[in-house]
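The values are calculated or read from the model by the stated rules, or taken from the named source; none is laboratory data. If you're wondering where the values come from, they're calculated on a predicted model, not measured in any experiment. Here Cβ is always computed from backbone atoms with ideal geometry, including for glycine, and neighbour counts include all displayed protein chains. Quick note on the areas: whole protein, heavy atoms, side chains included, nothing else; ligands and nucleic acids left out. Shrake-Rupley method; radii C 1.70, N 1.55, O 1.52, S 1.80 Å.
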Amino acid sequence: MVVASLELKPDRPLVICDADEVLVQFLVGLERFLLRNNRKLVLKSFAIHGNVVDAATGETITHDEVTRLLKDFFQHDTHQLDPVPGAADALNALRAQAQIIVLSNLPETAREIRRAHLASHGMDYPVIAGSGPKGPIVRDIVQAIKAPVVFIDDLPPHLTSVAQATPHVHRLHFVADRRLARMIEPAQDAHRRIDDWPSARTWIESVIS
Ligand SMILES: [Mg+2]
């Protein structure tokens, strides 16, 4: 789906929401996938490359193989990820006041799988497949929007990119997985860091109304 086909309403608040570690449990799903492939994630740092080992020998898996594994993961396991608790309810409440879209960095070939999977868990929203820093695409999306916009992501570089491209957008740093949340400091370029959906909903409502 391309930005031009979103049919956004200029006068309605907009929530632009990441999926992995915000709406769905990426890390838990990736760990399941890796174990099926005799691989294991050792969370020494907030990264995947460099932290995947052979489950039997403990040997570190090469950068190229991790890239290939991630591609397979998105293709085959996107539809199996567990939803983040409270996400569907919060978005459902927010849609009374706002339009909602999902901006997820994943291969375009996995976009429809992601959209259908989110819909099957009560999150039936347009999905844009992005790649790279999210600032430029967010600038395109919000170009015509005159109402408040909220951007939500777990990765600080995206929050920085959006801060640079569109400083007026309200930025929420959200990390669903508790282990990741402990490893990652509140992003400097976010307005708030919140890791649970009931509280996130309250904050989002306060900035869009
Ligand atoms: Mg994410």
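In degrees from 0 to 90, rounded to the nearest 10, what is the angle of the helix 111-120 Cα long axis to the longest principal axis of the chain?
70 degrees
Size of the dipole of segment 27-80 about the Cα centre, Lys and Arg at +1 and Asp and Glu at -1 on the beta carbon, nothing else charged, in debye to 20?
Working: 7 positive and 7 negative charges, 25 e Å.
Here segment 27-80 has a charge dipole of around 120 debye.
Identify all aspartates and glutamates with a Cα-Cα distance to Lys146 below 16 Å; exclude those on the same chain that are fewer than 8 residues away in sequence.
Within reach: Glu7, Asp11.
If amide hydrogens are placed 1.01 Å from N in the peptide plane, which non-local residues have theirs closer than 5 Å to the one on Ile100?
Counting only residues 5 or more places away or on other chains, the set is Val15.
Divide, for segment 27-80, the radius of gyration over alpha carbons by 2.2 N^0.38 Å, where N is the residue count. Could the numbers behind the result be given before it?
Values: Rg = 10.2 Å, N = 54, 2.2 N^0.38 = 10.0 Å.
Working it through for segment 27-80, the quotient is 1.02.
At R0 = 45 Å, how high is the FRET efficiency between Gln80 and Val207 if r is their beta carbon distance? Nearest 0.05 is fine.
Working: r = 33 Å, r/R0 = 0.74.
For R0 = 45 Å, the calculated efficiency reads 0.85.
Tell me, what HN-Hα J-couplings in whole Hz come from the Karplus equation 6.51 cos²θ - 1.76 cosθ + 1.60 at θ = phi - 60° for each residue of segment 7-15, using x for Gly and Pro?
My calculation for segment 7-15 gives 6, 7, 8, x, 9, 10, x, 10, 10 Hz in order.
For the chain, what does -39500 (n - 2.57) per DSSP helix run (n ≥ 4), summed and divided by total residues, give at 222 nm, in deg cm²/dmol to the nearest 500?
Working: 8 runs with 80 residues, N = 209.
Result for the chain: -11000 deg cm²/dmol, rounded to the nearest 500.
Roughly how many whole Å is it from the C-alpha centroid of segment 104-162 to that of segment 1-66?
The two parts, judged by their Cα centres, are 14 Å apart.
Please report, largest first and rounded to whole Å, the three semi-axes of the ellipsoid equivalent to segment 43-193, where each semi-axis is the square root of five times an eigenvalue of the C-alpha gyration tensor. It would help to have the intermediate numbers written out before the result.
Working: eigenvalues 156, 73, 49 Å².
Over the Cα atoms of segment 43-193, the semi-axes work out to 28, 19, 16 Å.
Quick check for you: with a 1.4 Å probe and neighbouring chains kept, what is the accessible area per residue of the chain, in Å²?
47 Å²
If you roll a 1.4 Å probe over the chain with all protein chains in place, what percent of the accessible area is carbon or sulfur? Numbers along the way, then the final one.
Working: 5140 of 9790 Å².
Ligands and nucleic acids excluded, carbon and sulfur reach 52 percent.
Can you list residues from other chains, or at least 5 along the same chain, whose modelled amide H is less than 5 Å from the amide H of Phe151?
Ile16, His170, Arg171, Leu172
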